[in-house]
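A short worksheet on the structure shown next.
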Amino acid sequence: MILLLSGEGPTDIGSCETATGTCEGADFKPGPMTWLIDKLVEPHWDYSPLNASSCVFISEGALAHYCRSQRLGTTLPGKKKTVDTGYFFKNARGLARLAKDRSAHDHCPVGAVLFRDSDGTVSSQRSLWNDKVRSMEAGFAAEDFDLGVPMVPKPKSEAWLLCAAQANPYQNCTRFENLSGNDASPNSAKTELAAALAASNRSYLDVSDMVENGEINPQQIQMPSFNYFKNRLETVAQQMKAA
């Protein structure tokens, strides 16, 4: 079984150690979001996808290039989408197509996780999150791919991590979804996480290790955007194991 992962950069899904847009095994440096994925999938597979080198990474740029090469459209016939949600729809189509190709090549189930932050202003986050998630779901469906997982934190991945890093871990975390997704804002999710980590003499550089060693436990995070992602990921993990 293989998980094909696409993110925005080193601080979420991760990056390649080499100058390529696609990598796996020792060439893949997983970020904190990949460690969250690993910890959620392991109980269903009975092994760690990362330890088994079962994760394949494709960068946002490499995925965009692939989508252009495939001339993938941004809308379903008869549907109208904004340019913004069309981008996520196309990304999901491309990732689904790559996953199906890898599955045919390796003769095993291949799931796909598409990470993109919700971002936006506080007032726009509710509709933005919903539009981006539904756009990804439609993109996976357009390729007849049922092993796709939208991973869309609200407003950003830092809000999910803040749930565990705050002074009272895992308590009343839904409020963090109302933080600003604009890093320049004084109450941004990024600023709040940095402050919480600093209170424990930690920094963002420690977060991946904190997830890996269990200091951050994704099973205890309760937030609407995280719960949607977690439930979908666990469903796909179970489907893959049963295939």
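Every number here is computed from the coordinates shown, using simple stated rules; none is lab data. Here the structure is a predicted model, which means the values were calculated and not measured. Glycine also receives a Cβ, built like all others from the backbone with ideal geometry; neighbour counts cover every protein chain displayed.
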Listing K156, K132, K29 by rising number of other beta-carbon atoms within 10 angstrom, fewest first, gives K29, K132, K156
By count of other Cβ within 10 Å, fewest leading, how are D38, D106, D144 ordered? D144, D106, D38
Segment 87-221: percent of C-alpha pairs farther apart than 27 Å? 32
Note down the relative contact order for segment 97-238 as a percent, whole number, built from C-alpha pairs under 8 angstrom at least six residues apart. 24
For the chain, with +1 on Lys and Arg beta carbons and -1 on Asp and Glu, the positive-most of Q219, L128, N187 along the dipole: L128
Rounded FRET efficiency, nearest 0.05, which uses the C-beta distance separating A19 from N227 and R0 of 51 Å: 0.85
According to a simple spin-label model (label point 7 Å from Cα along Cα-to-Cβ), what is the distance in nm between Y170 and N213? 1.9
For the chain, with equal point scatterers placed on the C-alpha atoms only and solvent neglected, what are the log10 I(q)/I(0) values from the Debye formula at q = 0.07, 0.12 1/Å, to two decimals? -0.21, -0.65
Within a 10 angstrom radius of the beta carbon, how do V133, V113 rank from fewest other beta carbons to most? V133, V113
Let me have the 222 nm mean residue ellipticity of the chain computed from DSSP H runs of 4+ only, each contributing -39500 (n - 2.57), with the sum over all residues rounded to the nearest 500. -14500 deg cm²/dmol
Cα-derived Rg over Rh, computed across segment 6-51 with Rh taken as Kirkwood radius: 1.00
Long-range amide H partners of V149, meaning residues 5 or more apart or on another chain whose placed amide H is closer than 5 Å, are A112, V113, L114
Identify, among G86, A104, G9, the residue whose Cα sits farthest towards the positive end of the charge dipole of the chain, taking +1 on the Cβ of Lys and Arg and -1 on the Cβ of Asp and Glu, with the dipole about the Cα centre. G86
